[in-house]
Amino acid sequence: MEHQETTHRRRVRYRGTHPRSYREKYKELQPEKYADTIEKVIRKGNTPAGMHISICVQEILDFLQIRPGQIGMDATLGYGGHTERMLSCLEGQGHLHVLDVDPEESEKTMKRLRALGYGEDILTMHLLNFAQMDQVAEKAGGFDFVLADLGVSSMQIDNPDRGFSCKTEGPLDLRMNQRKGMSAAERLRGIAQEELAGMLVENADEPYAQEIAREVILRQRRGMKIETTTELRQIIEAALSFLPAAEQKETVKKSCQRTFQALRIDVNQEYEVLYEFLEKLPGALRPGGRAAILTFHSGEDRLVKKSFRRFFREGRYSETAADAIRPSAEECRRNSRACSAKLRWAVRAR
């Protein structure tokens, strides 16, 4: 048997005492090996690189009232935090179907869940958009409980290769599934100024939509390509340069967040997908079945609230949440990404 030499790879070097960029955080990216580092990062109120901290977990479980033997769905698998807790409630009896459109992250999550002992007898993964839940519901005979967490997972936001954040340099992509559809950079090419401004208002309530759209079009007419997250952030900075110096930094930060949100919603057709999911949801639930939806911005929340109220008036839901449930102050302190979350629920009429 021939001896095969393996090349030793040195860890990524970084300046200073702590890693700053995503790729330098080699300990956070290996949670199974550096559990103590993960614990320290979480204690400081931060999310470790490559991980996601699930939000409103106990509130969701309190409402869903999952019992052994039930059939359920996690329509947005993500990092699998909610999934793992729901599986533990089933106590090895029943079945949980999970959906996700991100082939890269869902593969990692399923590998972790399989390693925890959740086999195909109790857990089935479907690489589908959650608007296609009816395909699974028909085969499963309906669901006793359904959860949809509409937030972007932290491991997607923090990975510069995905282009979800203006904080780090990366390709302006923003797609949940990078193998399909049009990237945000491609979407911006040739877009009309009024269309872009409308997108920023409709998808993110951006107060400086016209100024940002005008600057984007001006740069493109001059032959500039907007290919990276940094290039888009610089355009937003230029568009808002007329603001008083004392206001600029914070205003640019918020406008960047809203602009990236608006583009992400557009390239992933998030409103259209959510509307389709909400239309199919009552039919996917068994009589008395429970549905919980976690939203993270006003556009999503409005759609969920209107759908729940309409189906309640039509008698398809017997109960709906009178008010949205918010994360506790303690949870928001531990995880700043929980601050904008709203949980709404509905119960299928019997």
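The values are calculated or read from the model by the stated rules, or taken from the named source; none is laboratory data. None of the values given here were measured: they were computed from a predicted structure. Every residue, glycine as well, gets a Cβ built from its backbone with ideal geometry; the counts of neighbours run over all protein chains shown. Remember, those area values only see protein heavy atoms, side chains included, never the ligands or the DNA or RNA. Shrake-Rupley method; radii C 1.70, N 1.55, O 1.52, S 1.80 Å.
Kindly indicate the residue of the stretch 209-241 that is of a type in the set (A, V, I, L, M, F, W, C) and free of Cβ contacts under 8 Å to residues at least 12 places away in the same chain and also farthest from Lys167 (Cα to Cα) among those meeting that condition. Only one residue fits best here, namely Leu218. Considering only the stretch 94-144, state which residues are more than 23 Å from Arg290 (Cβ to Cβ) and part of a helix (DSSP H, G or I). Correct list: Pro103, Glu104, Glu105, Ser106, Glu107, Lys108, Thr109, Met110, Lys111, Arg112, Arg114, Ala115.
Taken over the stretch 104-139, the criterion of being of a type outside the set (S, T, N, Q), within 24 Å of Gly92 (Cβ to Cβ) and in contact with a Ser or Thr (Cβ under 9 Å, 6 or more places away or on another chain) is satisfied by Leu113, Tyr118, Leu123, Met125, Val136.
Residues of the stretch 222-236 that are of a type in the set (D, E, K, R), touching a helix residue (DSSP H, G or I) at 6+ places or on another chain (Cβ under 6 Å) and either more than 19 Å from Leu174 (Cβ to Cβ) or outside any helix (DSSP H, G or I) (or both): Glu227 alone. For the stretch 141-169, what are the residues that are on the phi > 0 side of the Ramachandran plot and in contact with a helix residue (DSSP H, G or I) (Cβ under 9 Å, 6 or more places away or on another chain)? Once the filter is applied, which keeps residues that are on the phi > 0 side of the Ramachandran plot and in contact with a helix residue (DSSP H, G or I) (Cβ under 9 Å, 6 or more places away or on another chain), the stretch 141-169 yields Gly142, Gly163. There is at least one residue in the stretch 64-74 that is basic (Lys, Arg) and in a loop (DSSP other than H, G, I, E, B). Restricting the first member to the stretch 295-311 and to residues that are more than 16 Å from Arg348 (Cα to Cα), and the second to residues that are hydrophobic (A, V, I, L, M, F, W, C) and open to solvent by less than 10 Å² (accessible area, probe 1.4 Å), the beta-carbon pairs closer than 6 Å and six or more apart or on different chains are Thr295/Val304; Phe296/Ala341; Leu303/Leu274.
Given (1) within 27 Å of Leu343 (Cα to Cα); (2) at pLDDT below 95; (3) open to solvent by less than 20 Å² (accessible area, probe 1.4 Å), where does Asn129 come up short, assuming only one miss? Failing condition for Asn129: (3). You will find that of Glu202, Glu169, the residue that is touching a Ser or Thr at 6+ places or on another chain (Cβ under 6 Å) and surrounded by fewer than 16 Cβ atoms within 10 Å (Cβ to Cβ) is Glu169 and no other.
For every residue, the table says whether it meets (1) surrounded by 14 or more Cβ atoms within 10 Å (Cβ to Cβ); (2) under 19 Å from Ala75 (Cβ atoms); (3) in contact with a Gly (Cβ under 6 Å, 6 or more places away or on another chain).
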| site | (1), (2), (3) |
| --- | --- |
| Ala239 | yes, no, no |
| Phe242 | no, no, no |
| Leu263 | yes, no, no |
| Glu276 | yes, yes, no |
| Lys280 | yes, yes, no |
| Arg286 | yes, yes, yes |
| Thr320 | yes, yes, no |
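Of Leu278, Leu343, all but one fail to be assigned to a strand (DSSP E or B) and modelled with pLDDT of 95 or more; the exception is Leu343.
To keep it simple, each residue is scored yes or no on (1) in contact with a helix residue (DSSP H, G or I) (Cβ under 8 Å, 6 or more places away or on another chain); (2) modelled with pLDDT under 95.
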{"residue": "Ile55", "(1), (2)": "yes, yes"}
{"residue": "Glu59", "(1), (2)": "no, no"}
{"residue": "Arg67", "(1), (2)": "yes, no"}
{"residue": "Asp100", "(1), (2)": "yes, yes"}
